[in-house]
Amino acid sequence: MEKAAKTEEIVNHPAILSKQKLGSGTRKSRNWLQPQAAIPHRLYVGISISSIVLLFAVWSLLTYTGMVDPLFLPTPVEIVHSGITLFTEYGFINDIGITIYRVLAGFLIAVVIGLPLGILMGTFKVVEAFFEPMISAIRYMPASAFIPLFILWIGVGELEKITIIFVGSFFSLVLMVAVEVGNVRRELLEAAYTLGRSKLGVLRSVILPASLPGIMEILRLILGWAWSYIIVAELVASASGIGSLILESQRMLKTGNIIFGIATIGVLGLLSDIILKICIKKAFPWHYGR
Amino acid sequence: MKLMSKPKLEIKSVTKVFAGNKNRANVLALDQTNLTIMPNEFITILGPSGCGKSTLLRIVAGLEEQTTGDVFLDGQELFGPSSNRGMVFQAYSLFPWLTVEENIQFGLKTKEIGAGERKEIVRKYIELVQLEGFEKHYPRQLSGGMQQRVAIARALANDPEILLLDEPFGALDNQTRTLMQELLLEIWEKSHKTVLFITHDVEESIYLANRVVVMTSRPGRIKADIPIELEHPRPYSIKVEPKFLAYKEQLTELIREESLKAMMEIK
């Protein structure tokens with residue numbers, strides 16, 4: 001704010017104004033290239049839209065002119081067609097449903113167990129000392145590498161898919177929540193003590209409310225990761241779900257279906273992200289906006 | 001007459017050592033500090049930065065534990081923090097998820113006070129710190145000066161025996177700081193709480209206090225204890241009167257020696 005006010009002052013200064021007039025021809029272009037400088041909103045949106053248009057233009061050029069074999073890359077219209085047949089003839093909606101179910105089940109179990117554990121680790125050093133080494137080590141073992149082990153242990157059913165999502169989400173979630181909770185300002189705790197709260201009372205009345213927005217952001221991030229784990233799980237051993245459809249389409253050389261499947265996951269991930277983002281902003285007016 | 005009344009707060013030979021480690025020696029932050037505060041007194045502790053004055057206040061608040069020595073409030077020895085000592089921190093100590101009125105009644109919720117009475121108390125203190133109309137605002141919507149007014153109201157609403165302030169106006173700009181000093185003095189003249197106020201600002205220490213306690217730096221010790229005999233109420237214009245300036249000269253001299261000493265040590 002202060003910075004902006006100063007800039008305005010400088011800009012309105014008569015000496016500088018006259019200088020600007022002299023060099024007004026080059027002024028706009030110079031502004032675009034100035035590091036971190038703002039550009040007009042309409043220009044920003046225009047550039048964003050043109051990038052998408054450019055993508056489709058290059059895609060159409062490559063496919064409609066026959067420069068690329070349709071086996072590798074079908075035309076945009078063909079992909080829309082594959083999408084429609086997937087829904088009408090192959091019951092694609094059931095695959096989407098089962099994939100969403102697996103992601104949410106694994107994610108929610110991770111949240112139900114991981115959230116309290118992370119909060120306790122961030123609050124009490126004793127708990128942190130006990131769990132930190134173990135969780136930190138497992139965190140760096142990729143969830144997808146566990147798939148063969150889980151198939152061996154629990155087979156290829158729903159439980160295996162959900163377990164992979166759980167493992168992929170749980171350990172990072174615990175550690176990130178612990179850090180978030182541990183970063184609650186000390187002054188807030190001290191203020192609560194001098195206002196008569198007990199050592200355990202501050203957990204509920206200060207630590208939880210102070211770290212809740214950050215925790216929700218962490219959950220949003222981790223849900224995003226869960227979407228990529230589920231596809232890996234479904235690619236390896238599954239008869240249903242978006243991932244298995246992608247794998248089957250590859251075997252039958254249905255490139256359009258593969259691309260449509262990938263796009264579907266992208267849309268699902270984006271939608272869940274946007275929904276969470278809006279909910280978070282609505283739920284914590286004191287943290288975001290006015 | 002003063003001999004008759006009992007001290008509100010007694011700090012008796014309090015010492016604080018911050019334990020060092022392999023790379024750092026132990027630091028003696030406070031050395032044999034004694035201070036007695038009578039009821040309704042407004043004491044400012046003046047010292048250069050890093051002299052241990054904040055440590056002393058935090059020990060009184062119970063947020064820090066002294067290495068040796070004792071602190072008594074109304075003759076009772078103190079252990080740990082409690083709502084009988086209200087604290088105002090330098091900045092950013094309001095609960096950001098609570099509105100102004102929710103912040104002010106935060107301490108009241110642990111007490112057996114009905115909702116109606118609580119509302120009445122909140123209204124009273126909002127009026128006292130002149131924040132009518134901002135009850136439903138969140139801290140981030142307020143200026144620094146307004147936030148500190150809420151912090152003062154929050155501490156006072158709890159009706160503590162003593163109010164502790166740790167450079168509460170240190171982060172504010174000069175004009176706001178002056179207004180806040182006037183407001184705090186006005187509140188004190190009305191409520192007559194016992195106040196212990198930490199500052200490194202000479203003018204602030206004289207304007208507010210009826211006793212200025214000067215501290216030495218490293219180790220922190222009490223160097224001088226100077227009664228300020230200026231009448232109340234004190235208009236801001238008092239700051240240019242000869243009597244005020246005489247105090248200022250005396251205290252500036254005292255604090256200058258300490259600041260020089262502190263500067264050399266940091267090097």
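Each reported figure results from applying straightforward, stated rules to the coordinates on display, with no laboratory input. Note that the structure is predicted; figures quoted are calculated from it, not measured. So basically every Cβ, Gly included, is an ideal-geometry build from the backbone, and we count neighbours across all protein chains shown.
The reciprocal of the average 1/r between distinct C-alpha atoms defines the Kirkwood hydrodynamic radius, which for the protein assembly as shown equals 29.2 Å. With the cut-off at 1.5 for a/c, could you classify the range B:187-257 from its C-alpha gyration tensor as rounded, prolate or oblate? The shape class here is oblate. Across peptide B:88-98, the mean count of Cβ atoms from other chains lying within 10 Å of each residue's own Cβ comes to 5. From the alpha carbon centroid of the range A:77-147 to that of the range B:24-71 is 52 Å. If you wrap the Cα atoms of chain B in a convex hull and average its projected area over all directions, you get 15.9 nm².
Just from its helices, what would the mean residue ellipticity at 222 nm be for chain B, if runs of 4 or more DSSP H residues each count -39500 (n - 2.57) and the sum is divided by every residue, rounded to the nearest 500 deg cm²/dmol?
-11000 deg cm²/dmol, from helical runs alone.
Our summary of shape: the Cα atoms of the range A:138-221 have principal axis extents of 56, 20, 18 Å, ordered from largest down, in whole angstrom. When only Cα pairs below 8 angstrom with a gap of at least 6 residues are kept, chain A shows a relative contact order of 20 percent.
Our Cα-only numbers for the range B:1-145 put the radius of gyration and Dmax at 18.8, 57 Å.
Footprinting exposure proxy ranking of A:Ile162, A:Ile113, fewest other C-beta atoms within 10 angstrom first, gives A:Ile113, A:Ile162.
When you count the other C-beta atoms within 10 angstrom of each residue and take the mean per peptide, B:77-88, B:159-170 line up highest first as B:159-170, B:77-88. Working note: Debye formula, equal point scatterers on the alpha-carbon atoms of chain A, no solvent; log10 I(q)/I(0) at q = 0.07, 0.08, 0.14 Å⁻¹ is -0.46, -0.58, -1.10. Sorted ascending by nearby beta carbons within 10 Å, beginning with the fewest, A:Arg42, B:Arg256 become A:Arg42, B:Arg256. With only Cα atoms counted, the range A:210-270 has Rg and Dmax values of 14.7, 53 Å. Between B:Lys124 and A:Ile52, the modelled labels are 6.0 nm apart [label points 7 Å from Cα along Cα→Cβ].
Just need log10 I(q)/I(0) for the range A:117-272 at q = 0.21 Å⁻¹, Debye formula, equal scatterers on the alpha-carbon atoms, no solvent, rounded to two decimals. Once normalised to I(0) and log-transformed, intensities are -1.25.
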